[in-house]
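The values are calculated or read from the model by the stated rules, or taken from the named source; none is laboratory data. Keep in mind the model is a prediction, meaning the values are calculated, not measured. Don't worry about glycine lacking a Cβ; one is built from the backbone with ideal geometry, like all the others, and counts go over all protein chains shown. In case anyone asks, the SASA skips ligands and DNA or RNA and just uses the protein heavy atoms, side chains included. Shrake-Rupley method; radii C 1.70, N 1.55, O 1.52, S 1.80 Å.
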Amino acid sequence: MFVLSILLLVAAVVLFFVGRGGSAGGWRIGAVLSALAGVLAGVFACVHVVSAYEVGVPVTFGKIGSPLTSGIHFTSPFTDVTSFSTRPVDLNLNDEDVVEVRSSQGGVLYADVTIKWSVVPGKAVALYRLAGSEEAIQERLVLADSREVVRNVFAKHTSEEGYASGRERIGAEIESLIKERLAPRGIDVTAVNLRNVRPSKKLQEQIDKKIQQEQATERAVEAARTAKAQAERKRIEAEGTARANKIIEQSLSDKVLYNQCLEAYREAAKAHPVYAVPCGTDANGTPVIVDNGKN
């Protein structure tokens with residue numbers, strides 16, 4: 001725009017001198033219009049508009065000026081203004097940019113992470129010196145530091161914690177460390193989402209094998225528990241039977257056995273009135289003749 005302003009002013013001077021040598025007034029009018037256009041172009045070259053939710057860093061002949069906030073600013077026509085967005089920007093680390101990490105056990109995992117970050121307006125000049133543009137800030141600072149933090153955090157946890165039991169705790173630790181790392185540089189991290197963690201093909205095979213082994217172990221333990229319960233039940237039954245037999249043995253005397261023998265053969269004598277009963281009162285068991293007719 002500034003170059004156009006210079007060209008228009010030069011054209012106005014030329015038209016003025018050309019029209020001065022002749023009687024035609026059209027040259028003079030063209031000179032005036034050209035001069036006015038050149039002045040307007042020069043004014044616009046000195047005006048710079050910073051959009052809402054942006055901050056500008058002015059550079060004049062290599063010298064960096066103070067940050068420009070949103071609004072209209074008058075600057076030198078030789079000033080170049082680099083704008084940075086102050087709105088949160090999403091950095092998605094997935095698909096081709098997915099973060100490959102290793103657990104404390106050496107297992108390979110793939111972590112999908114989304115980082116919401118923005119430039120702190122007061123730190124725009126420092127960020128310009130570090131990176132030079134918003135794209136460079138994301139590539140050289142946010143992306144590089146975030147990858148390093150994610151890898152370091154996963155390296156302190158086991159594979160199972162990484163993809164299952166400790167995922168929430170790992171996500172919170174990653175968010176805290178990324179904020180701590182980028183805040184001094186003027187980058188405000190509003191959120192870090194650990195969206196997905198998946199094991200590598202080799203690690204998945206190891207996980208499946210471990211699950212199968214655990215299931216086999218559980219089945220063996222259950223079988224052993226069942227066998228133990230059955231053995232305990234049989235032992236209790238055997239002890240009960242032994243105690244019952246002992247009680248019976250202790251309660252049966254010779255006289256009781258003799259009376260029971262007689263009673264049994266009395267019942268039998270209903271069909272045979274007179275018969276010999278092999279029950280005796282002495283140690284040799286002398287037979288007794290039972291006459292059912294006499295009772």
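The table below gives the values:
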quantity: Per-region count, the stretch 149-207, residues in contact with a His (Cβ under 8 Å, 6 or more places away or on another chain) and outside any helix (DSSP H, G or I); calculated: 1
quantity: Qualifying positions in the stretch 119-139 - part of a helix (DSSP H, G or I), open to solvent by less than 40 Å² (accessible area, probe 1.4 Å) and out of contact with any helix residue (DSSP H, G or I) (no Cβ under 8 Å at 6 or more places or on another chain); calculated: Ala124, Val125, Ala136
quantity: Unmet criterion (only one of (1) under 30 Å from Leu68 (Cβ atoms); (2) aliphatic (A, V, I, L, M); (3) assigned to a helix (DSSP H, G or I)) for Ile115; calculated: (3)
quantity: Filter pass, Ile187 being closer than 30 Å to Thr86 by Cα, among the β-branched types (Val, Ile, Thr) and more than 21 Å from the chain's Cα centre (by Cα); calculated: yes
quantity: Spans of strands (runs of 3 or more DSSP E) in the stretch 61-109 with at least 2 residues at pLDDT 80 or above and either of a type in the set (Asp, Glu) or open to solvent by less than 80 Å² (accessible area, probe 1.4 Å) (or both); calculated: 79-85, 89-93, 99-102
quantity: Residue list for the stretch 157-189, restricted to those being in contact with a Ser or Thr (Cβ under 7 Å, 6 or more places away or on another chain) and modelled with pLDDT of 90 or more; calculated: Ile178, Asp188
quantity: Residue match in the stretch 200-223 (condition: small (Gly, Ala, Ser) and modelled with pLDDT under 80); calculated: yes
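Residue-by-condition table, conditions (1) farther than 17 Å from Leu93 by Cα; (2) surrounded by fewer than 19 Cβ atoms within 10 Å (Cβ to Cβ); (3) in contact with a helix residue (DSSP H, G or I) (Cβ under 9 Å, 6 or more places away or on another chain):
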position	(1), (2), (3)
Trp117	no, no, yes
Leu141	no, no, yes
Val149	no, no, yes
Glu161	yes, yes, yes
Gly186	yes, no, yes
Lys201	yes, yes, no
